[in-house]
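Shown next, in structure tokens, is the structure this report addresses.
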Amino acid sequence: MSTVAASSPPIVWTTVADLFEQLGQVPPDRIRLVPTPGTATEQDVLDLVDHADCICELVDGVLVEKTMGYTESVLAGVIIRLLGGFVEEHNLGFVSGEAGMLRILPRQVRIPDVAFVSWERFPNGKLPKTPIPAVAPDLAVEVLSDSNTEGEMRRKLQDYFTAGVRLVWYVDPRTRTASVYTSPEQCMVFDENGTLTGGDVLPGFELSLKQLFAKIDRR
């Protein structure tokens, strides 16, 4: 199976407004101007982690800061623990967390809050040693933060499925819902009484949303 799909959308902006629109109206304070938008590289992504303690995605040669509050991080951690246990028990691949950088398309480094990559997607079935492997996950999970815009998540969804991602979960702690995508156009929304399943990607895996959100209600 191919690990990285065809090229990402071309850089077409001529004004800041064009840039803002192409990134999905990401809040300006998350768009880094150094290096100049359109010229950033994967090395710049790594340098920020090493020297500025800042995690950025690379979108069309632009560094976009990834933000996650404490509540979102807790929920992601619960999903990683449960999903990771299932994947390990059945020897299916790897589960990464909110710092797991993946080059899913040329000039596109995405960092899902949780990602499952099956063994089949790794060259020779081995974990790559590079800090940013060229692989698209089978499942990408995003726990939505206040600064995530509708346009940003729609653009990210398009990138994921263009790259070959098979299943995407958007978990929203504010509404206590989860949106499950099997394509950019195919979506099912579950309230907190619903249950997420792995579908064809992780047959047998189930995650109760009530139990998930209960983790942030404990006293």
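The values are calculated or read from the model by the stated rules, or taken from the named source; none is laboratory data. These figures come from a predicted structure and were not determined experimentally. Virtual Cβ from ideal backbone geometry, glycine too; neighbours counted across all protein chains shown. SASA here: full protein model, heavy atoms, side chains in, ligands and nucleic acids out. Shrake-Rupley method; radii C 1.70, N 1.55, O 1.52, S 1.80 Å.
Scan the stretch 78-106 for residues that are more than 15 Å from the chain's Cα centre (by Cα) and assigned to a loop (DSSP other than H, G, I, E, B) and jot them down.
Of everything in the stretch 78-106, those that are more than 15 Å from the chain's Cα centre (by Cα) and assigned to a loop (DSSP other than H, G, I, E, B) turn out to be His90, Asn91, Leu92, Pro106.
Would you mind stating whether Val180 is touching a strand residue (DSSP E or B) at 6+ places or on another chain (Cβ under 6 Å), β-branched (Val, Ile, Thr) and open to solvent by less than 20 Å² (accessible area, probe 1.4 Å)? Full working, then the answer.
Details: touching a strand residue (DSSP E or B) at 6+ places or on another chain (Cβ under 6 Å): yes; β-branched (Val, Ile, Thr): yes; open to solvent by less than 20 Å² (accessible area, probe 1.4 Å): no.
No; evaluated as a whole, the condition is false for this residue.
Right, Glu152: closer than 24 Å to Asp60 by Cβ and either touching a Pro at 6+ places or on another chain (Cβ under 7 Å) or assigned to a helix (DSSP H, G or I) (or both) or not?
So Glu152 fits the description; yes.
Let me confirm something: among Phe205, Phe190, which residue is of a type outside the set (Ser, Thr, Tyr), farther than 20 Å from Gly84 by Cβ and open to solvent by less than 70 Å² (accessible area, probe 1.4 Å)?
Phe190
Checking the condition crowded, with 22+ Cβ neighbours inside 10 Å, of a type in the set (A, V, I, L, M, F, W, C) and closer than 20 Å to Val74 by Cα, which residue from Val141, Val165 passes?
Checking each option against the conditions leaves just Val141.
Within the group Val49, Val45, Val59, Val87, which residue is among the hydrophobic types (A, V, I, L, M, F, W, C), at pLDDT 95 or above and either surrounded by fewer than 20 Cβ atoms within 10 Å (Cβ to Cβ) or in contact with a Cys (Cβ under 9 Å, 6 or more places away or on another chain) (or both)? Spell out the reasoning first.
Working: Val49 fails: at pLDDT 95 or above; Val59 fails: either surrounded by fewer than 20 Cβ atoms within 10 Å (Cβ to Cβ) or in contact with a Cys (Cβ under 9 Å, 6 or more places away or on another chain) (or both); Val87 fails: either surrounded by fewer than 20 Cβ atoms within 10 Å (Cβ to Cβ) or in contact with a Cys (Cβ under 9 Å, 6 or more places away or on another chain) (or both).
Every option except Val45 fails the conditions.
Inspect all residues belonging to the stretch 110-118 and state whether any of them is of a type in the set (Asp, Glu) and outside any loop (DSSP other than H, G, I, E, B). Write out each step before concluding.
Pass one, the stretch 110-118, residues of a type in the set (Asp, Glu): 113.
Of the ones still in play, those that are also outside any loop (DSSP other than H, G, I, E, B) are none.
Scanning the stretch 110-118, I find no residue that is of a type in the set (Asp, Glu) and outside any loop (DSSP other than H, G, I, E, B), so the answer is no.
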